[in-house]
Amino acid sequence: MSTPSNSPAKAAPAPQSTPAPEPTPASESTPAPEPTPESTPEPQSTPAPEPTPEPSPVPMPSPVPAPSPVAASKMHLVYPEVNPNPLLHSNFCSLLFLRWINPFFLFGHKWRLKENEIHSVLPKDCSQHLGEELQGYWKQEVDRAEENGEKPSLKKAIIKCYWKSCLLSSIFIFFEECTMVLLPLLLGKMISYFENPKGSNALHDAYICAAVLSACVLLWAILHHLNFNHLQRVGMRLRVATSHMIYHRAFHLSNLALRKTTTGQIVNLLSNDVKRFDQVTTFLHYLWVGPLQAIAVTALLYMEIGISCLAGMAILIILLVLQSCFGKLFSSLRSKTAALTDDRIKTMSEVITGIRTIKMYAWEKSFVELITTLRR
């Protein structure tokens, strides 16, 4: 039996036999040793951290200088630095015989035209100017209709805006038709000279008739081209102004109006309906020129062949009535075509918008048949 002095010595192990703990990484348990005063730099020599560069502010555009009084009196050109319109600096002869366009035709005949070589638009033909002008007359018409409790009429606004241009073209077309009436009279005088050239003043009268006939033909050619050019420009201005109003109205539609108005209707207005203004200005004056011309021709025929001329005029009147009936028929068909066109464009817009969904569910054939049916 062992003594009590030896048991404790055997039960308690020596401290040297205790296993040392595994060293842990210095970054986890052991703090980093503090630097010694010799290795630590002095605070005065420590460089200050550089400040983080702040983002440079966006440069603001410099204010546009106010235009001079001379420049303010004229509207700005579209691309004036590219190729200004030669019509601005044309003289009277160039405007009368339309010579200002000849250099452009010659240049286009020799070389292919580029975008910067096309003349800029005239200031009075710009979309902003034309649209704001017609918009002002439309606002006046709306205010007048509200005061009188009526429905505003776009036709009245267009008449107030373009009646001066139509009056100028009516003067051109009146003198043009007068020369057209004088041509057969002068030609008849020339033919009568060759039938009886032995008169006392027959040769002198023939020379006068030939000179007047040549002058009338030249005058008719000048008036016809000036009138046609003017009417085409008036129609172009009216088309641009109404397109501007459609765009302006489309951007200011309410949510309720957007539900009733489709994209197809707006596209149809801008692509088809507005183009009718180019045609209506060309043939509008024949509403009053036609009857006057018919009366003049009937009078000339009555002087030459007597009462028999009424048979030809009766046929013309019958043809006029038939043409008006066909016009009404075509108008009704045009209204139906416009409605079908709106449905087709609406369907195409919806198909293009949801083309991913159509591709995902493989609905191509179904929509192809639908669109083909609408096109028929």
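The values are calculated or read from the model by the stated rules, or taken from the named source; none is laboratory data. As the structure is a computational prediction, the values presented were derived from the model and not from experiment. We place every Cβ from the backbone using ideal geometry, glycine too, and count neighbours over all the protein chains shown. Accessible surface areas use protein heavy atoms only, side chains included; no ligands, DNA or RNA. Shrake-Rupley method; radii C 1.70, N 1.55, O 1.52, S 1.80 Å.
Among the trypsin sites (Lys or Arg not before Pro) found in region 131-203, those both in a DSSP coil and sparsely packed, with 15 or fewer other Cβ atoms within 10 Å of their Cβ, are 198. Residue-wise HN-Hα couplings along region 107-119, as the Karplus relation 6.51 cos²θ - 1.76 cosθ + 1.60 with θ = phi - 60° gives them from phi, are 5, x, 6, 8, 10, 6, 6, 10, 5, 7, 9, 7, 5 Hz; Gly and Pro carry x. How much of the accessible area of region 266-376, probe 1.4 Å, is carbon plus sulfur, in whole percent? The value for region 266-376 is 69 percent carbon and sulfur by accessible area. Couplings 3J(HN,Hα) of region 134-149, computed from phi: 5, 5, x, 5, 5, 5, 4, 5, 5, 5, 5, 5, 5, 5, 8, x Hz, in residue order, whole Hz [Karplus 6.51 cos²θ - 1.76 cosθ + 1.60, θ = phi - 60°; x for Gly and Pro].
Shape analysis of region 146-195 yields a ratio of the Cα radius of gyration to the Kirkwood radius, Rg/Rh, of 1.47. The smallest convex shape that holds all Cα atoms of region 199-253, its convex hull, gives 45 Å³ per residue. A viscosity of 0.692 mPa s and a temperature of 37 °C, combined with the Kirkwood radius over C-alpha pairs in the Stokes-Einstein formula, give region 125-305 a diffusion coefficient of 162 µm²/s. Per-residue 3J(HN,Hα) values for region 345-356, derived from phi via the Karplus relation 6.51 cos²θ - 1.76 cosθ + 1.60 with θ = phi - 60°, read 5, 5, 5, 5, 5, 5, 5, 5, 5, x, 5, 5 Hz in sequence order (x marks Gly and Pro). Accessible area per residue for region 125-305 is 65 Å², calculated with a 1.4 Å probe on protein heavy atoms, without ligands, DNA or RNA. D by Stokes-Einstein for region 235-338, Kirkwood Rh over Cα pairs, 20 °C, 1.002 mPa s: 122 µm²/s. Taking a 26 Å limit on the Cα-Cα distance, which of the listed pairs 164/328; 110/275; 155/336; 124/164; 151/260; 156/346 fall beyond it? Exceeds cut-off: 164/328; 110/275; 156/346.
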